[in-house]
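Have a look at the structure below before the remarks.
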Amino acid sequence: MNNRSDRPSWKALDQHYSESKDIHLNDLFENDPERFSKFSIEAAGLFLDYSKNHLSAETLDFLAVLANESCLKERIADLFAGKKLNNTENRAVLHTALRNFSEQPVYVDGQDVMPAIMSVQHRMRALVESVHLGGWRGFSGKRITDIVNIGIGGSDLGPRMVVSALSRQAVQEVDVHFVSNVDGEELSQRLSKLSPETTLFVVVSKTFTTLETMTNARSAKKWLLAGYSDNAAIANHFVAVSANLKAVKAFGINPDNSFEIWDWVGGRFSLWSAVGLSIALAVGMDSFERLLKGAYLMDEHFSQSPLLENMPVILALVGIWNRNFQKASSVAVLPYDHRLSRFPAYLQQCDMESNGKSVDREGHPITVETSPVIWGEVGTNGQHAFYQSLHQGTQPVPADFIVALKSDCNLKEHHKLLVANCFAQSEALMKGKTAEEVCIELKKRGLNEREISRLVGHETFDGNRPSNTILMDRLTPEALGALIALYEHKISVQGIIWDINSFDQWGVELGKQLANVIVEEIDGGLPGRHDSSTHGLLTRYHLVQK
Ligand code: G6Q
């Protein structure tokens, strides 16, 4: 049966929702003093409190039936076994092999991929250590002081987020920068602060054809050669990460300076591969391996734990409950850690590119909602911006709060305030403030009855708004690895339950084709056949160029 909503488990959940929807979260806590311990789980150094969601043990049981009907356990096993779950591109999905510390082989088409992974990791270590120790030098003999990662989408967002998150582990020897946008402003502003003699470019592109990346890489090459006027300099200042080593060579990068990725590494899941070279350059190969280790611990937990004792599965099921039955159309990701400021953008791609689909694995339209809009911002900044709508807007938005309990910063007083704000917000979203409480407060402020009745509605909060809280002791490389893997697996589980292919991205491919057509018309000076809006916009462009 293709239609998820026709399944008995789906109908049972629908029924359960209509029976339980009027129960306020406050009552769930009021009626069960053990609720926090019942609805929280610990794994791989992370703690997930999901008790502030509209669910009961019965809800989880219904969701488990849905998971079983979707053959979730079998599909998880298929994922780790290298089955070709990306059925539109006929590819395995094996980012887990990149952090496989089990010493067990992983096969794709009958071939163990582990030796190739180890060999690339070995070469990454050699490069990173050589740059840090000054063995790798610029063409004029100077040490490398700056790394520029040129890539976009999956070849940018993950590494960029991790480098920022692990700023405490950053080595002194080099600064790592990222350039992704085809808007020349980004590259030219970055280059204006750098010297060709001391800069190493890491060009990251699985396909090595992406317009933005190739344009930036060509401009970076010109900039370098303007300083040196000798093509031989490219060998000292460019390395590449790609699955298309032929194109890397054609670009002029020495094959000895190229790092391979494979078709079974999806762009948005690739930070664990050589795509993470800039991470390793930023924090050292040992810290990079600690990141992989943390992810591996989460993989072990995910592949081995029963469904209702499995953190990624729980997070996914709670998300399905909120998305498909509570009808929440977006999820706010709210890290209370400045270093995680890029985490919402990273997760937005990982989730929405994976599960923003409207046909099932066989290409039939899906009758249930898939990926919600994922968005967010670091917590306290968000509090002074969009939290108003989280508290009092007409659309309840489930939120994921993320915080480390211990600070790595010497301003310890700040951390207490940070944690207090994080906990207070999830409590306030749940509890709200009743009209009675508001009236008492307003009376205390000396307001008269007329003023009170005018203000009471404005200052009342319904509460009852769901959230998860994810805790870690410290934001270490291991904890970050586990956190990323947690969300990666959550996304896969949701894709399995919605019966979609979470591992292709035809919408992204379309964008890549569309711009190429218009670029030719811009070059040719004449708009082609378009709708009147696109034609009009192009005509205005041409007019202004004259
Ligand atoms: C990720 C997507 C997409 C991709 C970029 C860059 O899963 O496939 O975001 O990473 O379009 O592609 P290249 O690495 O091929 O340049």
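Any read-out appearing in this document is the output of simple, stated calculations on the displayed coordinates, not a laboratory observation. Remember, predicted model here, so these are calculated numbers, not experimental data. Note that each Cβ is placed from the backbone with ideal geometry, even for glycine, and that neighbours are counted across all protein chains shown.
Cross-link partners for Lys38 among the lysines, with Cα-Cα distance under 24 Å and sequence neighbours closer than 8 places in the same chain left out: Lys21, Lys52, Lys73, Lys431, Lys490. Under 21 Å of direct C-alpha separation, and excluding same-chain neighbours fewer than eight residues apart, Lys142 reaches these lysines: Lys193, Lys221, Lys222.
Each label was represented as a point 7 Å from its Cα along the Cα-to-Cβ direction; for Arg125 and Lys412 these points are 3.7 nm apart. Distance between the pseudo-spin-label points of Glu451 and Thr88 (7 Å out from Cα toward the beta carbon): 6.0 nm. Each of Ser389, Ser242 has some number of other Cβ atoms within 10 Å of its Cβ, and from fewest to most they run Ser389, Ser242.
Region 182-232: percent of C-alpha pairs farther apart than 11 Å? In whole percent, the long-distance tail amounts to 71. Ranked by how many other Cβ atoms sit within 10 Å of their own Cβ, fewest first, the residues Lys546, Lys193 fall in the order Lys546, Lys193.
Computed from Cα atoms, the angle from the helix 311-320 axis to the main principal axis of the chain rounds to 70 degrees. Our analysis of region 1-99 gives Rg over Rh at 1.08, with the two radii drawn from alpha carbon positions and Rh computed by the Kirkwood formula. Measuring from centroid to centroid over Cα atoms, what is the spacing of region 136-151 and region 351-404 in Å? So the two Cα centres are separated by 40 Å. Peptides 430-439, 27-36, 199-208, 324-333, ordered by how many other C-beta atoms sit within 10 Å of their residues on average, highest first, read 199-208, 324-333, 430-439, 27-36. If the chain linking Glu58 and Ser140 were pulled fully straight, counting 0.36 nm for each residue of separation and taking away their Cα-Cα distance, it would gain 22.6 nm.
In the chain, the DSSP-assigned H stretches of four residues or longer account for a calculated mean residue ellipticity at 222 nm of -15000 deg cm²/dmol, using -39500 (n - 2.57) per stretch and the full residue count as denominator. With R₀ fixed at 45 Å, the C-beta to C-beta distance from Gln104 to Thr367 puts the FRET efficiency at about 0.70. In whole angstrom, how far apart do the alpha carbon centroids of region 516-546 and region 250-309 sit? Distance between centres, Cα-based: 41 Å. Distance from the Cα centre of region 71-132 to that of region 161-225, in angstrom? After rounding, the separation between the Cα centres reads 27 Å. Using a simple spin-label model with pseudo-atoms 7 Å out from Cα toward Cβ, Phe423 and Lys546 lie 6.8 nm apart. Relative to the longest principal axis of the Cα atoms of the chain, the long axis of helix 343-355 makes an angle of roughly 90 degrees. Placing one equal scatterer on every Cα of region 40-178 and applying the Debye formula, the log10 ratio I(q)/I(0) at q = 0.12 Å⁻¹ is -0.84. Fewest-first ordering of Trp272, Trp321, Trp10 by other beta carbons within 10 Å of each residue's beta carbon gives Trp10, Trp321, Trp272. Over every Cα atom in region 418-546, the radius of gyration and the widest Cα-Cα span, Dmax, amount to 27.5, 72 Å.
Ellipsoid semi-axes for the chain, based on the Cα gyration tensor and the rule √(5λ), read 42, 28, 26 Å when sorted largest first.
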